[in-house]
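Shown next, in structure tokens, is the structure this report addresses.
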Amino acid sequence: MTTPDTMFKRIVDDASRPDPYPLYAELRRTPVARQEDGTYLVSTYHEIVALLHDPRLSSDPHNREDAPPDLSAEAGLAPAFIRMDPPDHDRLRAQTMRLFGPPHNPARVYGMRDELTRISTGLIDGFAVRYDGGERIDIVDEFAYPFPVTVICALMGVPRDDEHLFKEWADALIQTLDPRLDPGLQRQAMTEMGQYMAALIGRHRQDPGDDMLSGMITEGLLPPETLVTTAIMLFIAGHETTVNLITNGMLTLLRRPEVLDRLRREPELMPGAVEELLRYEPPVHMLSPRGALADIEVAGVTIPKGASVVLVLASGNRDPKRFRDPDVFDPAREDNQHFGFGSGIHSCFGAPLARLETQIALTGLIRRLRDPRLVADPPPYRSNPRLRGPEHLFIEHG
Ligand code: HEM
């Protein structure tokens, strides 16, 4: 018999990365499954949503009996609000949010629309002629990576030329379930990134611009000791996630030429198509483990106080008890309350930006690229089972 343990080992195995969904379907037979190591896996929609809104489930890793090393503290940095609970989380999130969106800064994201279109068009123009001439193009390296990274640099006031440093740090820091992970590398990345960000904050303090980091410094809303960590968190959270959503999006459309054609003819469907992508092929498959602050009963199972709980969002997104025909990609789907951006008090801070970027990116790509064809299906995937996406996506003129 396949136990939840062996099931999870199969899910995190690299061989399952191209299509983990049949394994999630098996996992959902045990909505709350205890692993040999004492971790609980939750894979069904209604149980995930209940737990995401349950204050007895903590995002602070110190509340887990198997707490991992605290890299921020070791690097002398304050914790980021993604790893905090109320009331501290709510206060810091609200203070940061003031600089990012309505009502205080409505233009921060939506005012970037023209700039986003300009950056996206520039990148596409950079490879379109080679594509027309029959050259193979890697959508990841030529577009899906540089686009959101250029945007987050502009938003945060990070010099684009320094981005290569961030790529290495971000790669090391993005948490994975990979047992081969080297904590020494992560420690070093956190320390170096902290030093870089502290120096950049110093420069913006002397000579502020109209970027978000300058706002965080000059408005004085955030406690000074949290500035470095908040900046690092925003930068990293805005990196790999959007890259994967754009790449997963192109892959999904290239596999469905009729949907691609429809979106070309009816671009007004793109916002709904992006929501469906966040359900059907989300970048974030599992959240970082949360800790039970008390015994919590869910689906007839008692999760004991101190246990680690992993919410498998991508499985909840395909739960037939919540979504009709969950394995069908339907760009016009209604009633699509997906977990692509999480849910509850920690739901994605950057969602308005990520949505806009992906809508602009996919609209621009499918409008410009005539008869695109996938070179390899499935494409090669990154190893990370939690933050899932192709490493490369080669296309050519079909
Ligand atoms: C397609 C792109 C993105 C996806 C799929 C995504 C997904 C998510 C998810 C699932 C969470 C919930 C984490 C949890 O509950 O533990 C989250 C939180 C967060 N995201 Fe995103 N994200 C994306 C883009 C961005 C961008 C562009 C930014 C920054 C500008 C950002 C900033 C954050 C922050 C700060 C949090 C923590 C919120 C909190 O703890 O209150 N994200 N994101």
Seminar exercise, completed: Per-residue ellipticity at 222 nm attributable to helices in the chain (runs of n ≥ 4 DSSP H, -39500 (n - 2.57) apiece, nearest 500 deg cm²/dmol) works out to -14000 deg cm²/dmol
Problem set entry | Carbon + sulfur, % of accessible area of the stretch 4-397 - ligands and nucleic acids excluded, 1.4 Å | 52
For this session: Quote the accessible area belonging to H46 in square angstrom, nearest 10, computed with a 1.4 Å probe and with ligands, DNA and RNA left uncounted.
Result: 90
Problem set entry | Kirkwood estimate for the stretch 3-103, i.e. one over the average of 1/r between Cα atoms, Å | 16.5
Exercise. For K321, which lysines qualify as cross-link partners when the Cα separation must be under 29 Å and same-chain residues fewer than eight apart are set aside?
Worked result: K9, K305
Exercise. From the phi of every residue in the stretch 381-391, what ³J(HN,Hα) in whole Hz does the Karplus formula 6.51 cos²θ - 1.76 cosθ + 1.60 yield, where θ is phi - 60° and glycine or proline is x?
Worked result: 9, 5, 6, 4, x, 8, 10, 9, x, x, 6
Exercise. What's the local net charge at V49, with K and R +1, D and E -1, over the other residues with C-beta under 13 Å away?
Worked result: -1
Exercise. For the chain, what is the accessible area per residue in Å² when the probe is 1.4 Å?
Worked result: 44
Exercise. So for C153, C348, what's the accessible-area order with a 1.4 Å probe, most first?
Worked result: C348, C153
Seminar exercise, completed: With the 8 Å Cα cutoff and a minimum separation of six or more residues, the chain has a relative contact order in percent of 28
For this session: Provide the descending list of Cα extents for the chain along its principal axes, expressed in whole angstroms.
Result: 60, 60, 40
Problem set entry | Calculated from backbone phi, Karplus (6.51, -1.76, 1.60) coupling profile of the stretch 298-308 in Hz, x at Gly/Pro | 8, 6, x, 10, 9, 7, x, 3, x, 6, 8
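What are the trypsin sites (Lys or Arg not before Pro) within the stretch 304-363 that DSSP puts in a loop, where the Cβ has at most 14 other Cβ atoms within 10 Å? Don't skip to the end; give the middle numbers.
Details: sites: K305, R318, K321, R322, R324, R333, R355; in loops: K305, R318, K321, R322, R324, R333.
Passing sites in the stretch 304-363 are K305, K321, R324.
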For this session: At 18 Å minimum axial length over the Cα atoms and a Kyte-Doolittle cut of -1.0, report the qualifying DSSP H helices in the chain, or say none.
Result: 113-132, 183-206, 224-237, 240-254, 351-368
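The values are calculated or read from the model by the stated rules, or taken from the named source; none is laboratory data. Note that this is a predicted model, so its numbers are computed, not measured. Glycine also receives a Cβ, built like all others from the backbone with ideal geometry; neighbour counts cover every protein chain displayed. In case anyone asks, the SASA skips ligands and DNA or RNA and just uses the protein heavy atoms, side chains included. Shrake-Rupley method; radii C 1.70, N 1.55, O 1.52, S 1.80 Å.
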